[in-house]
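S.K.: This is the structure, below, for whatever I ask next.
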Amino acid sequence: MHEDLQDVSVWDRIVGYLLAVKESLTPAQINPGMLIIDDLGLDSLDLTVLAARIRADIGVIDFLPWLAQVTAGGGTVASLAEFVAGAQPERSDEGWPY
């Protein structure tokens, strides 16, 4: 597991974002190796909402590199946590560009 994932607050935040976006999930159903699309069932609208929630919380982040990984079939919950933990957000009062 990536060392940043040992930070409980990062993991808890990611689980919280996923639960908010996909209300049918429970915390017990989410683990680091699960695929965002295939295992958790997020669709393109869910991914958009997920990105918007994360941006609203931590700042403007370019999600395109991570979304490319997801659409190629490799985006796991761990990869999202690692991406968010390593992101360098830029605060924007305007909330755009997303």
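S.K.: Please find, among Asp93, Asp57, the residue that is among the charged types (D, E, K, R), at pLDDT below 90 and closer than 25 Å to Asp39 by Cβ.
M.R.: From the options Asp93, Asp57, the qualifying one is Asp57.
S.K.: Scan Leu35, Leu64 and give me the residue that is touching a Ser or Thr at 6+ places or on another chain (Cβ under 8 Å) and without any contact (Cβ under 8 Å) to a residue 60 or more places away in the chain.
M.R.: The conditions single out Leu35.
S.K.: Which ones in segment 53-81 are of a type in the set (A, V, I, L, M), under 10 Å from the mean Cα position of the chain (by Cα) and within 18 Å of Val10 (Cα to Cα)?
M.R.: Hits for segment 53-81 are Ile54, Val77, Ala78, Leu80, Ala81.
S.K.: Is segment 65-85 home to any residue that is part of a loop (DSSP other than H, G, I, E, B), among the hydroxyl-bearing types (Ser, Thr, Tyr) and at pLDDT 90 or above? Write out each step before concluding.
M.R.: So in segment 65-85, the residues part of a loop (DSSP other than H, G, I, E, B) come out as 72-75.
Next, from what is left, pick out any that are among the hydroxyl-bearing types (Ser, Thr, Tyr): none.
No, the conditions are met nowhere in segment 65-85.
S.K.: Here's another thing I want to ask about it. Does Leu18 satisfy the condition of being modelled with pLDDT of 95 or more and either out of contact with any helix residue (DSSP H, G or I) (no Cβ under 8 Å at 6 or more places or on another chain) or not basic (Lys, Arg) (or both)?
M.R.: yes
S.K.: Here is a further query. Criterion first (assigned to a helix (DSSP H, G or I), farther than 19 Å from Ala68 by Cβ and free of Cβ contacts under 8 Å to residues at least 40 places away in the same chain) does Leu50 satisfy it?
M.R.: Working: assigned to a helix (DSSP H, G or I): yes; farther than 19 Å from Ala68 by Cβ: no; free of Cβ contacts under 8 Å to residues at least 40 places away in the same chain: yes.
No: the conditions fail for Leu50.
The values are calculated or read from the model by the stated rules, or taken from the named source; none is laboratory data. This is a predicted model, so every value here is computed, not measured. A quick note on method: Cβ atoms are made from the backbone with ideal geometry, for glycine too, and the neighbour counts reach across all protein chains shown.
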